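Reviewing the structure listed below.
Nothing in this text is a laboratory measurement; each read-out follows from the coordinates by a stated rule. This one's a predicted model, so the numbers in the text were calculated from it and none came from an experiment. Don't worry about glycine lacking a Cβ; one is built from the backbone with ideal geometry, like all the others, and counts go over all protein chains shown.
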Amino acid sequence: MIGQLVLGLSLLVGLHEFGHFAFAKLFKIKVTKFYIFFDFLFPLPNVLNFSLLKKKVGDTEYGIGWFPLGGYVAIHGMVDETQDADALAGPPQPDEFRSKPAWQRLLVMLGGIIMNIITGVAIFTALTFMYG
């Protein structure tokens, strides 16, 4: 029973994060990490950093973290609490999130929600066809 819960949530988290990932790639924004589960002790990004499985393909490291809560996509140039002022001192590079127009940044941020809606409609449609 617990395995089904973890598998179901992993699938939903993966699809949600894929929404962010897909829009970032569409707009040629560098994605450094795509993880199901956290590879650190959430919410402390520098504590217990390791993953159960990881593989680097191009510029992106894909992996499964050890802390089974959520997941994340690390997008280059997206300002968060793990960056210091020096990382943002220079001008934005073309492959950075912060260099893109507002409408592209908005779509990257909404990508997860858009994917959640698509997933919900797909599940509802499948159940309707299966059970009437």
Can you work out the FRET efficiency for the pair LEU9 and MET130, with r the C-beta to C-beta distance and R0 = 25 Å, to the nearest 0.05?
0.70
Whole angstrom only: what separates the Cα centroid of the range 27-47 from the Cα centroid of the range 90-115?
17 Å
MRE, 222 nm, helices only [DSSP H, n ≥ 4, -39500 (n - 2.57), over the chain, to nearest 500]:
-15000 deg cm²/dmol
Over the chain, calculate the relative contact order: mean separation of alpha carbon pairs under 8 Å at least 6 apart, over the residue count, as a percent.
30 percent
Give the angle, between 0 and 90 degrees and rounded to the nearest 10, that separates the Cα long axis of helix 2-26 from the longest principal axis of the Cα atoms of the chain.
50 degrees
Percent of C-alpha pairs per 5 Å bin, the range 25-114, short to long:
3, 13, 21, 22, 21, 16, 5, 0
Among LEU106, LEU44, LEU69, which one shows the biggest mean-square fluctuation in a GNM of the chain, springs joining Cα atoms closer than 10 Å?
LEU44
Angle in degrees between helix 102-131 and the longest Cα principal axis of the chain, rounded to the nearest 10:
10 degrees
